[in-house]
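Undergrad: After the structure tokens below, expect a handful of questions from me.
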Amino acid sequence: MKRVILKFVIYSLVLVLALELLVRVFHLHNERPERYLDEYGVEKWVPNQEGYSVTGNRKQNVGAYRINNFGFNSVYDDYTVSKDSIEVAIVGDSFIEGFHQNYTNSISRKVEKKLPNIKVLEFGYAGYNLSEELNLIASYNHLFKDIDRVVIYMRYTDDLITGEYKVSGRLSLDTPVNRLLKKSKLIVYAKDIGAFDPIKDKIAATINFVKGVKTPEVKETNKDAIYLANFKKLIKTYNYDKEKNVLLLDYSLCSSEFLSYLKQNNFKTIDFSSDFIKSKEPKTLIYDQHWNNLGREIIADEIVNYIKNENIELVK
Amino acid sequence: MLFNSIDFAIFLPVVFILYWFVLNRNLKAQNLLLLVASYVFYGWWDWRFLSLIAFSTLVDYTLGVLLGKEEKESKRKIYLWISVIVNLGFLGFFKYYNFFVESFVDAFTFFGQDIKVGSLSIILPVGISFYTFQTLSYTIDVYKRNLEPTKKFIAFAAFVSFFPQLVAGPIERASNLLPQILKKRTFNYCEAKDGLRLMLWGLFKKVVIADSLSPIVNDIFSNYSTLSSPVLIMGAVFFAFQIYGDFSGYSDIAIGTSKLFGIELMSNFKFPYFSKNIGEFWRRWHISLSTWFRDYLYIPLGGSRGSKMVGIRNVFAIFLVSGFWHGANWTFIFWGLFHALLFLPSFLIGTNRKYAEVKNTRLNVLAMISNVYRTLLTFILVTIGWVFFRSETITDSFSYLKRIGSSFSGIPYIHPNGYRLVDYIVLLVFFIVYEYIIRNNERKPIGFKNRYVRLFVYILLVFLMLLFYDDGVDRSFIYFQF
């Protein structure tokens with residue numbers, strides 16, 4: 001009997017080593033850059049990192065990223081802005097950050113190809129909500145004040161959950177233990193495909209059971225009213241510039257009250273929902289909610305149309 | 001508790017250690033452990049239904065003892081009928097009550113009579129069809145004097161609820177399982193090793209074949225009315241492999257787990273998709289159920305011994321009951337009827353047992369081509385049958401099949417989650433080739449002599465499990481609903 005147990009343990013170890021090797025050989029694992037809080041209190045990626053972002057069990061999607069010296073994924077290192085040229089900034093979360101594509105094929109690059117006289121700077125960071133986006137703009141006011149237009153991507157269902165800026169808990173993900181675990185590409189891969197989720201759920205359920213914590217009952221709250229209140233609070237706190245800033249939105253996700261408020265108060269918006277619905281092809285990636293190339297193409301077209309309609313070049 | 005869950009990954013080693021390291025000198029204690037473990041295993045899903053198993057156990061144990069003592073045939077018959085009524089009564093109530101009520105109402109509505117009979121909100125206890133048939137086999141065997149009744153209640157209760165096969169089989173015969181539970185078990189290294197290999201193979205079939213095909217099959221069967229013929233054919237073929245991977249995977253894990261406890265369960269699947277006719281298919285698919293019906297229904301009805309008409313009646317009886325056993329829906333009954341019709345020609349011309357004996361003789365090219373043709377034809381027919389099995393209603397099944405024959409053009413299929421279909425087709429080709437290689441012994445799927453080949457297969461199987469692991473799918477086994 002001991003022989004079976006011993007063999008089981010030995011084979012398991014060999015198996016783990018072989019899998020580690022296979023994951024590395026086929027590069028199935030995702031490479032995440034490291035994060036930090038900069039001198040302005042803005043959470044960003046540690047500058048000058050390169051790697052590959054991999055999505056799906058079988059490398060369904062691979063994107064090369066390049067974190068520039070400013071801490072965002074971009075082809076540009078130079079984020080200095082000239083008063084004579086036209087610059088547009090796109091601020092947002094992982095959809096704008098674009099780890100799921102090659103950094104040379106981002107939404108910004110797509111816009112620049114269609115409007116060669118305009119430079120598009122990217123400020124995308126996975127997990128940013130509106131408070132973090134507005135905090136970034138305010139913290140780097142010396143940079144943003146000279147940018148001609150700022151497109152802020154806001155996902156209504158996720159980005160208005162708070163009405164004030166707080167440093168997120170994401171930084172705690174980069175603990176020394178986590179960094180050590182990340183050395184095993186098999187662990188990184190298994191975690192990303194959700195293979196550890198049942199274990200994590202079981203541990204959480206056991207802890208709750210031991211502590212006697214019951215699953216909180218989901219209270220029916222008026223989320224839309226909360227989101228609207230948070231939005232109002234944020235634009236007041238950060239003195240939102242309605243002339244320069246434009247919200248990139250999926251109208252189909254927004255409440256009618258929120259949309260009415262934006263209209264009544266003359267907020268500039270770009271709605272991409274109708275063009276998304278028109279196209280029958282998938283706009284998102286495999287095992288991922290992020291936009292695929294077609295989705296990004298549609299978004300880029302929407303931004304280009306907006307810039308054209310605004311006649312920014314003529315104004316300048 | 002699911003075999004493919006963290007709960008089971010913790011539960012199994014704990015029971016294994018207690019069984020072999022703590023209680024190995026005491027058979028009664030080992031059986032008590034098996035009983036408690038089995039009740040924990042089942043109660044993990046819903047402890048309230050343990051009372052059903054306990055009651056069934058008590059009834060059949062008592063009747064078994066009474067049958068052992070009683071000599072008068074009339075009284076023995078009464079005891080048998082009590083067991084049949086109690087067991088099938090529970091099964092009928094929990095599984096078929098609403099079906100009969102609804103069919104009754106539909107029939108009256110059809111003839112213009114509007115009657116109101118309320119259906120009940122009944123939860124179907126997991127595995128009720130499996131353990132009911134298992135306990136019934138005990139009473140019938142004791143009644144027929146094929147088996148001595150046991151007076152050891154703990155052992156009998158452990159036989160009824162033996163956790164590896166409690167909820168989805170194989171449906172064990174008392175004559176095979178009970179003597180093993182009554183006998184002192186000793187740890188066998190080779191058996192345990194084979195058990196672990198079977199468990200790995202079963203897990204692979206469940207996680208990689210069944211679970212990964214499931215979302216594609218669900219999508220195709222839900223939206224069949226808008227899809228083209230090639231996509232619908234692919235959906236039906238995928239389902240054929242999904243249900244095979246799911247159910248045979250469960251059986252393999254069950255048999256493997258049993259081996260770890262020194263108990264041998266019967267084989268439930270013998271590579272059914274390599275069958276060359278329907279008769280052979282049913283000797284390879286869900287064997288424990290087919291043989292149960294053969295021994296306790298077909299043969300008592302007269303089997304094929306009487307006139308041709310009696311034989312035909314018995315064939316229809318066994319297939320219809322088998323279909324109905326699967327679920328309270330006309331789709332299953334029609335599936336059974338469809339198989340009866342497929343089986344009938346070979347039954348009438350007497351070729352239904354043509355491939356009963358497995359022969360490993362060398363074949364010439366012509367015979368090989370003929371075998372491939374017969375295998376493909378059988379697979380196609382079985383797959384058409386699966387359309388009835390998988391569809392929500394009879395109307396859906398016919399519409400699905402009709403579209404296969406009529407809608408040859410359409411837009412390329414794209415799953416809402418964007419699954420890359422070529423991955424799954426390559427996977428199935430790999431699976432079929434591997435099954436063909438191991439086709440001679442379903443009990444030793446990784447029985448290669450060379451240890452490096454075995455190691456390569458272990459790594460490959462686990463690697464594929466990672467490559468096709470889908471955290472969004474429902475992990476329960478299809479046959480739990482039966």
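A short reminder: the numbers here are calculations on the coordinates, not readings from a lab. All values derive from a computational prediction rather than experimental measurement. We place every Cβ from the backbone using ideal geometry, glycine too, and count neighbours over all the protein chains shown.
Undergrad: Using the Cα atoms of chain B to build a convex hull, what is its mean projected area in square nanometres? Working shown, then result.
TA: On the way: hull surface 105.3 nm².
With the hull built on Cα positions only, its mean projection is 26.3 nm².
Undergrad: Then there's this: If N is the number of residues in segment A:50-187, what value comes out of its Cα radius of gyration divided by 2.2 N^0.38 Å? Could the numbers behind the result be given before it?
TA: Numbers: Rg = 16.2 Å, N = 138, 2.2 N^0.38 = 14.3 Å.
Cα-based Rg divided by the globular estimate yields 1.13.
Undergrad: Can you sort A:Glu31, A:Glu243 by how many other beta carbons sit within 10 Å, fewest first?
TA: On the way: A:Glu31 17, A:Glu243 8.
Sorted ascending by nearby Cβ count, the order is A:Glu243, A:Glu31.
Undergrad: Kindly write out, for segment B:194-207 in residue order, the coupling ³J(HN,Hα) from the Karplus curve 6.51 cos²θ - 1.76 cosθ + 1.60 (θ = phi - 60°), rounded to whole Hz, with x marking Gly and Pro.
TA: These are the phi-based 3J(HN,Hα) values: 4, x, 5, 5, 4, 5, 5, 5, x, 5, 4, 5, 6, 6 Hz.
Undergrad: Then there's this: Suppose each label sits 7 Å from its Cα in the direction of the beta carbon; what would the A:Thr104-A:Val210 distance come out to in nanometres?
TA: Between A:Thr104 and A:Val210, the simple spin-label model gives 5.2 nm.
Undergrad: Based on alpha-carbon atoms only, what is the radius of gyration of segment B:280-320 relative to the globular estimate 2.2 N^0.38 Å? Can you show the working numbers first?
TA: On the way: Rg = 10.1 Å, N = 41, 2.2 N^0.38 = 9.0 Å.
Relative to the rule-of-thumb radius for its length, segment B:280-320 sits at 1.12.
Undergrad: Going out from 0 in 5 Å bins, what whole percent of all Cα-Cα distances in segment B:17-84 drops into each bin?
TA: 4, 15, 17, 14, 13, 16, 11, 7, 3, 1
Undergrad: Right, another one. Suppose R0 equals 60 Å; then what is the FRET efficiency for B:Leu58 and A:Gln49 from their Cβ-Cβ distance, rounded to the nearest 0.05?
TA: The computed FRET efficiency comes out at 0.30.
Undergrad: Next up: Please list the helices of chain A that count as membrane-span-like by this rule: a mean Kyte-Doolittle hydropathy of at least 0.5 together with Cα atoms stretching 15 Å or more along the helix axis, each helix being a complete DSSP H run. Display every interim value, and only then the final one.
TA: Details: long enough: A:2-25 (34 Å, 1.79); A:197-211 (21 Å, -0.03); A:223-237 (21 Å, -0.11); A:293-310 (25 Å, -0.38).
Long hydrophobic helices here: A:2-25.
Undergrad: Where in segment B:209-309 are there trypsin sites (Lys or Arg not before Pro) that are in a DSSP coil and have at most 12 other Cβ atoms within 10 angstrom of their Cβ?
TA: B:Arg305
Undergrad: Can you give the Kirkwood hydrodynamic radius for chain A, in Å, rounded to one decimal and based on Cα pairs?
TA: Working: mean 1/r = 0.0458 Å⁻¹.
Result for chain A stands at 21.8 Å.
Undergrad: Taking segment B:390-482, which GluC sites (Glu not before Pro) meet the DSSP loop condition and have no more than 10 other C-beta atoms within 10 Å?
TA: Values: sites: B:Glu392, B:Glu435, B:Glu442; in loops: B:Glu392, B:Glu442.
The qualifying sites: there are none.
Undergrad: Follow-up question, since we're still on this one. Take the Cα radius of gyration of the protein assembly as shown and divide it by 2.2 N^0.38 Å, with N its residue count; two decimals is plenty.
TA: For the protein assembly as shown, the normalised Cα radius of gyration is 1.15.
Undergrad: Only residues of segment B:152-178 count here: report those whose backbone N is under 15 Å from the spot 7 Å along Cα→Cβ of B:Val36, or say none.
TA: B:154-155, B:158
Undergrad: In whole Å, what three semi-axes, largest first, describe the equivalent ellipsoid of segment B:6-186 built from its Cα gyration tensor (square root of 5 times each eigenvalue)?
TA: On the way: eigenvalues 237, 112, 23 Å².
Equivalent-ellipsoid dimensions as semi-axes: 34, 24, 11 Å.
Undergrad: Here's a follow-up. Tabulate in residue order the Karplus-calculated ³J(HN,Hα) for segment B:58-74, using 6.51 cos²θ - 1.76 cosθ + 1.60 with θ = phi - 60°, rounded to whole Hz; enter x for Gly and Pro.
TA: 4, 4, 6, 5, 4, 5, x, 4, 5, 4, x, 8, 7, 9, 5, 4, 4
Undergrad: Show which aspartates and glutamates lie in cross-link reach of B:Lys276 when reach means a straight Cα distance below 18 angstrom and same-chain residues fewer than eight apart are skipped.
TA: Leaving aside aspartates and glutamates fewer than 8 places away in the same chain, those within reach of B:Lys276 are B:Glu357, B:Glu435, B:Glu442.
Undergrad: Evaluate the relative contact order of segment B:6-186 (contact order divided by residue number), counting alpha-carbon pairs under 8 angstrom at least 6 apart; express in whole percent.
TA: Values: 173 pairs, mean separation 58.1, N = 181.
Relative contact order, segment B:6-186: 32 percent.
Undergrad: Got a sec to turn the phi values of segment B:375-380 into Karplus ³J(HN,Hα) couplings, 6.51 cos²θ - 1.76 cosθ + 1.60 with θ = phi - 60°, whole Hz, x for Gly and Pro?
TA: Coupling constants for segment B:375-380: 5, 4, 4, 4, 4, 4 Hz.
Undergrad: Kindly state, to the nearest 0.05, the FRET efficiency for A:Leu181 paired with A:Lys308, given R0 = 60 Å and r defined as their beta-carbon distance. Intermediate results must be reported in sequence, preceding the final value.
TA: On the way: r = 48 Å, r/R0 = 0.81.
Result of the calculation: an efficiency of 0.80.
Undergrad: Under a point spin-label approximation (7 Å from Cα along Cα-to-Cβ), what is the A:Gln60-A:Tyr40 distance to one decimal in nm?
TA: 3.6
Undergrad: A follow-up question, please. With r as the distance between the Cβ atoms of B:Leu66 and B:His415 and R0 = 56 Å, compute the FRET efficiency 1/(1 + (r/R0)^6) and round to 0.05.
TA: Details: r = 58 Å, r/R0 = 1.03.
My answer for the efficiency is 0.45.
Undergrad: Please check: in the Gaussian network model of chain A (C-alpha springs, under 10 Å), which one of A:Lys202, A:Lys44, A:Lys232 has the largest mean-square fluctuation.
TA: A:Lys202
Undergrad: Describe numerically, in nm with one decimal, the distance between label points set 7 Å from Cα along Cα→Cβ at B:Asn364 and at B:Ile82.
TA: Those two pseudo-labels are separated by 6.5 nm.
Undergrad: What are the residues whose amide H is under 5 Å from the amide H of A:Leu121, where those residues sit 5 or more places off or on another chain and H is modelled from the backbone?
TA: A:Val88, A:Ala89, A:Ile90
Undergrad: Next question, about the same structure. For peptide B:186-199, what's the mean number of Cβ atoms from other chains within 10 Å of each residue's Cβ?
TA: On the way: counts 1, 4, 2, 5, 1, 1, 6, 4, 0, 1, 4, 0, 0, 0.
Average per residue, whole number: 2.
Undergrad: Of the candidates A:Leu262, A:Leu134, A:Leu180, which one comes out as most mobile in a Gaussian network treatment of chain A with C-alpha springs shorter than 10 Å?
TA: Evaluated over chain A, the most mobile residue of the options is A:Leu180.
Undergrad: Can I ask one more? Roughly what % antiparallel, to the nearest 5, for the DSSP beta bridges in the protein assembly as shown?
TA: Values: 12 of 30 bridges.
Here the antiparallel bridges make up roughly 40 percent for the protein assembly as shown.
Undergrad: Here's something else I'd like to know. Sort out for me the Cα centre separation of segment A:45-80 from segment B:430-479, rounded to whole Å.
TA: 37
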